[in-house]
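Structure first, commentary second.
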Amino acid sequence: MQLDAKVPGGPTAEKWTRFKKEQRLINPANKAKYNVIVVGTGLAGAAAAASLAELGYKVHSFCFQDSPRRAHSIAAQGGINAAKNYRNDGDSVHRLFYDTVKGGDFRSREANVHRLAEVSVNIIDQCVAQGVPFAREYGGLLDTRSFGGAQLQRTFYCRGQTGQQLLLGAYQALSRQIGLGAVKMYPRCEMLDLVVIDGRARGIVTRHLETGKIESFSADAVVLATGGYGNVFYLSTNAIGCNVTATYRAYKRGAAFANPCYTQIHPTCIPVSGDHQSKLTLMSESLRNDGRVWVPKDKADCGKHPSEIPEDRRDYYLERKYPSYGNLAPRDIASRAAKEACDDGRGVGPGARGVYLDFGAAIAKQGRDRIQAKYGNLFEMYERITAESGYERPMRIYPAVHYTMGGLWVNYELMSNIPGLFVAGEANFSDHGANRLGASALMQGLADGYFVLPYTLTHWLAGEKAGVTPLDHAEFKRCEAEATERIKKLLSIKGKKTPNEFHREVGHVMWEKVGMARSKESLEAAIKRMQELRAEFWENLSVPGSEADLNTALERANRVSDFLEFGELLARDALVREESCGGHFRVEHQTPDGEAKRNDERFCHVAAWEYAGPGKTPIRNEEPLTFETVKLVERSYK
């Protein structure tokens, strides 16, 4: 497999400008001859569909929700980064670029990250023009706050619901194009397969979730903006419907899957409360601006009410271990520190798997009204779930799976190794390396959709003759038949275990063996167990009902079947990568003080996995990472 990143020449800071200057163009009248499929309506998908339609392309937009605005982007609460420097605190495009590369533990492609930092300043202007109600400071300028991994305030926010407000902006832009007839919307329609003809992506196969109808759609280009794969761990902060199916099916058609082992554990989640749960709830990282994280110094104090533990008996461990960043240490570091405290027997709450996030000092200094103005809906959400007031006693938090940095491999133009298949947002691997800094997911999704794909997709289409492949082509019929047969097979097994039971077992294996700490032994055990579960799945699955109507059990079974295969790929990637970097922590590779220890000599590259066929070991390809602007140094936040 050839992995040509297609990074433009010249200095890093000039690469995107050079690309745009040399970009091929299409006459506005001719753009209407091209059809583009966009799968997913989160920030990346909605922004891409709206922007491409505005340019004049015919766009077909797909989502499995009943409305585009139900995409999971709404769950990103805390804010969006941009190098505006409204605070006059020393921010710049270069600082945002460097913080992002460093935050990813030097495992991202430098050119892509710099472009992300460059276009970040345009995102804010675009969203303000759409009416997104960003918070403002006393002088009328947009307000900002801090997020982990940065020593300045570059995060723009809408109280504690930034993702929702940004998605409403993208949704109204998309709705405008739907109203104009430039976008054809297909809700409750799930992608089951990618159709590749003569080595080029030519369309998709879908199933309508209400009727069970399987049909194909043809286009000149396909954009996947389907999010991440965090639900392979079962319990995560993702919506229950989030899945890996679209990207994994594309992988099985030849698209390289890059760095699947890079998964993010978010330190600020409500702890697990029992086996009844189907998902976890994220408490925004923005809370760490004013909340102080601590556990008792003495194990004997763990059962006490927090108000009974005096200051001198509290361990503010992030402030102690990382004085330069304190409570705003990056997510991977803060998560491991919380696990370390709980493993030491100093965890709090039921099961002793929690640490305190304390707003007592902030309320005393700023007043409850000010804290409520900044985070009120988050406090309300916490109280509804835990029946405890975060104003009156410290919140209890613990790390949980949140975001995934791996995804389909793409070049600088966001095109996969399959010509015509573009990948945007969390579905691709390109910008965050081994760890994503907070408030950068919204930034990447909107950057890809609004400001990158309109240029790069146009550049590629300009070299291709317009004209979709007829749906009666043999390859479309073959892919439809395979999708239909898979659905029938899931229904025909007539076993005794539900898809949810299998999913829970998959998640248990992944969390225990491939979670915050990984070892050679645990990863090998995970691979073996995933293979056993997969064999049992196809012999003992129970899916009631039929394929001819709404069948949520069938939907779940179809997605879990992919998690069963993808989980093994994730574990294999983690097993080969014998280093610790960002969210990938191999216990065999750590510094004397317990921090991640990289191996730049062997692993300063992207691992891109190639599907080799059913039952065969996938092929690992490498894209070397070169750093022209930043130096490879040991990552430290102390």
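The values are calculated or read from the model by the stated rules, or taken from the named source; none is laboratory data. Treat the numbers as computed from the prediction; the structure is a model and nothing was measured. Quick reminder, even Gly has a Cβ in these numbers, built from the backbone with ideal geometry, and neighbours come from all protein chains shown. Ligands, DNA and RNA are excluded from the accessible area calculation, which covers all protein heavy atoms including side chains. Shrake-Rupley method; radii C 1.70, N 1.55, O 1.52, S 1.80 Å.
For segment 459-482, the set of residues classified as of a type in the set (A, V, I, L, M, F, W, C), part of a helix (DSSP H, G or I) and open to solvent by less than 70 Å² (accessible area, probe 1.4 Å) consists of Trp460, Leu461, Phe476, Cys479, Ala481, listed by residue number.
Being free of Cβ contacts under 8 Å to residues at least 60 places away in the same chain and more than 21 Å from the chain's Cα centre (by Cα) is the filter here; which residues of segment 94-134 pass it?
To start, the set of residues in segment 94-134 that are free of Cβ contacts under 8 Å to residues at least 60 places away in the same chain comprises 95-96, 117, 121, 124-125, 128-134.
Arg95, Val121, Asp125, Val128, Ala129, Gln130, Gly131, Val132, Pro133, Phe134 - these are the residues of segment 94-134 that are free of Cβ contacts under 8 Å to residues at least 60 places away in the same chain and more than 21 Å from the chain's Cα centre (by Cα).
Has segment 166-185 got any residue that is touching a His at 6+ places or on another chain (Cβ under 9 Å), assigned to a strand (DSSP E or B), open to solvent by 10 Å² or more (accessible area, probe 1.4 Å) and over 28 Å from Pro323 (Cα atoms)? Within segment 166-185, one or more residues are touching a His at 6+ places or on another chain (Cβ under 9 Å), assigned to a strand (DSSP E or B), open to solvent by 10 Å² or more (accessible area, probe 1.4 Å) and over 28 Å from Pro323 (Cα atoms). Taking each residue of segment 286-308 that is closer than 17 Å to Gly347 by Cβ and modelled with pLDDT of 95 or more and looking for partners that are surrounded by fewer than 22 Cβ atoms within 10 Å (Cβ to Cβ) and among the β-branched types (Val, Ile, Thr) with beta-carbon atoms closer than 8 Å, six or more apart or interchain, yields Pro296/Ile309; Asp301/Ile309. Only one residue in Ala83, Ala76 is open to solvent by less than 40 Å² (accessible area, probe 1.4 Å), in contact with an Asp or Glu (Cβ under 9 Å, 6 or more places away or on another chain) and within 23 Å of Leu141 (Cα to Cα), so which one is that? Only one candidate passes the filter, namely Ala83. Restricting Asp4, Asp91, Asp66 to residues that are of a type in the set (Asp, Glu), crowded, with 20+ Cβ neighbours inside 10 Å, more than 21 Å from Ala219 (Cβ to Cβ) and modelled with pLDDT of 95 or more narrows the list to Asp91. Tallying residues that are in contact (Cβ under 8 Å) with a residue 40 or more places away in the chain and assigned to a helix (DSSP H, G or I) within segment 490-518 yields 15. Listed by first and then second residue, the pairs linking a residue in segment 378-397 that is under 20 Å from Ala75 (Cα atoms) and touching a residue at least 24 places away in the same chain (Cβ under 8 Å) to a residue that is of a type in the set (Ser, Thr, Tyr) and assigned to a loop (DSSP other than H, G, I, E, B), with Cβ atoms under 9 Å apart and 6 or more places separating them unless they lie on different chains, are Leu378/Ser284; Met381/Thr281; Tyr382/Thr281; Tyr382/Ser389; Ile385/Ser273; Ile385/Thr281; Thr386/Ser273.
Tell me yes or no: at least one residue of segment 532-555 is out of contact with any helix residue (DSSP H, G or I) (no Cβ under 9 Å at 6 or more places or on another chain), touching a residue at least 12 places away in the same chain (Cβ under 8 Å) and either surrounded by 14 or more Cβ atoms within 10 Å (Cβ to Cβ) or small (Gly, Ala, Ser) (or both). Checked segment 532-555: at least one residue is out of contact with any helix residue (DSSP H, G or I) (no Cβ under 9 Å at 6 or more places or on another chain), touching a residue at least 12 places away in the same chain (Cβ under 8 Å) and either surrounded by 14 or more Cβ atoms within 10 Å (Cβ to Cβ) or small (Gly, Ala, Ser) (or both). Taking the conditions (1) buried (at least 17 other Cβ atoms within 10 Å of the Cβ); (2) in contact with a helix residue (DSSP H, G or I) (Cβ under 8 Å, 6 or more places away or on another chain) in turn, Thr206 satisfies each one other than (2).
Within segment 568-577, how many residues are open to solvent by less than 10 Å² (accessible area, probe 1.4 Å) and not small (Gly, Ala, Ser)?
Counting residues in segment 568-577 that are open to solvent by less than 10 Å² (accessible area, probe 1.4 Å) and not small (Gly, Ala, Ser) gives 4.
Got at least one residue in segment 382-389 being more than 25 Å from Ile265 (Cβ to Cβ), outside any loop (DSSP other than H, G, I, E, B), of a type in the set (Val, Ile, Thr) and open to solvent by less than 40 Å² (accessible area, probe 1.4 Å)? The answer is no; no qualifying residue exists.
Check whether at least one residue in segment 435-454 is closer than 29 Å to Phe585 by Cβ, of a type in the set (Val, Ile, Thr) and either part of a loop (DSSP other than H, G, I, E, B) or open to solvent by less than 10 Å² (accessible area, probe 1.4 Å) (or both), and report yes or no.
no
Residues in segment 189-232 that are of a type in the set (Gly, Ala, Ser) and either modelled with pLDDT under 95 or assigned to a strand (DSSP E or B) (or both): Ala201, Gly203, Ser216, Ser218, Ala221. Put simply, of Thr268, Thr281 the only residue that is surrounded by fewer than 22 Cβ atoms within 10 Å (Cβ to Cβ), under 25 Å from Phe379 (Cα atoms), β-branched (Val, Ile, Thr) and more than 15 Å from the chain's Cα centre (by Cα) is Thr281. Restrict the check to segment 16-38 and report whether at least one residue is open to solvent by 10 Å² or more (accessible area, probe 1.4 Å), of a type outside the set (A, V, I, L, M) and in contact with a Pro (Cβ under 7 Å, 6 or more places away or on another chain). Yes, because at least one residue in segment 16-38 is open to solvent by 10 Å² or more (accessible area, probe 1.4 Å), of a type outside the set (A, V, I, L, M) and in contact with a Pro (Cβ under 7 Å, 6 or more places away or on another chain). Cβ-Cβ distances below 8 Å connect the following pairs, each with a first residue in segment 5-18 that is touching a residue at least 60 places away in the same chain (Cβ under 8 Å) and over 18 Å from Asp431 (Cβ atoms), a second residue that is part of a loop (DSSP other than H, G, I, E, B) and not basic (Lys, Arg), and a separation of six or more residues or different chains: Pro11/Glu628; Pro11/Thr629. If only residues of segment 323-355 that are surrounded by fewer than 20 Cβ atoms within 10 Å (Cβ to Cβ) and on the phi < 0 side of the Ramachandran plot are counted, the one that is modelled with the lowest pLDDT is Pro350.
Return yes or no: is Gln172 touching a Pro at 6+ places or on another chain (Cβ under 8 Å), without any contact (Cβ under 8 Å) to a residue 60 or more places away in the chain and farther than 30 Å from Asn551 by Cβ? The answer is no for Gln172. Against the conditions (1) in contact with a helix residue (DSSP H, G or I) (Cβ under 8 Å, 6 or more places away or on another chain); (2) open to solvent by 20 Å² or more (accessible area, probe 1.4 Å); (3) more than 27 Å from Ser416 (Cα to Cα); (4) not acidic (Asp, Glu), Phe627 satisfies every one except (3). The listed residues are Glu565, Glu505, Glu485, and the only one of them that is open to solvent by 70 Å² or more (accessible area, probe 1.4 Å), of a type in the set (D, E, K, R) and modelled with pLDDT of 95 or more turns out to be Glu485. List pairs: first in segment 238-255 and under 19 Å from Glu480 (Cβ atoms), second part of a helix (DSSP H, G or I) and open to solvent by less than 10 Å² (accessible area, probe 1.4 Å), Cβ under 7 Å, 6+ apart or cross-chain? Going by the 7 Å Cβ cut-off, the qualifying pairs are Thr245/Asn558; Thr245/Asp562; Tyr248/Asp562; Tyr248/Phe566. Pairing each residue of segment 616-630 that is in contact (Cβ under 8 Å) with a residue 24 or more places away in the chain and under 19 Å from Glu601 (Cα atoms) with any residue that is open to solvent by 40 Å² or more (accessible area, probe 1.4 Å) and among the aliphatic types (A, V, I, L, M), provided the two are 6+ apart or on different chains, yields C-beta distances under 8 Å for Arg620/Val576; Asn621/Met1; Thr629/Ala13.
Given the residues Glu210, Glu190, which is the only one that is more than 28 Å from Phe257 (Cα to Cα) and of a type in the set (Asp, Glu)? Residue meeting the stated conditions: Glu210.
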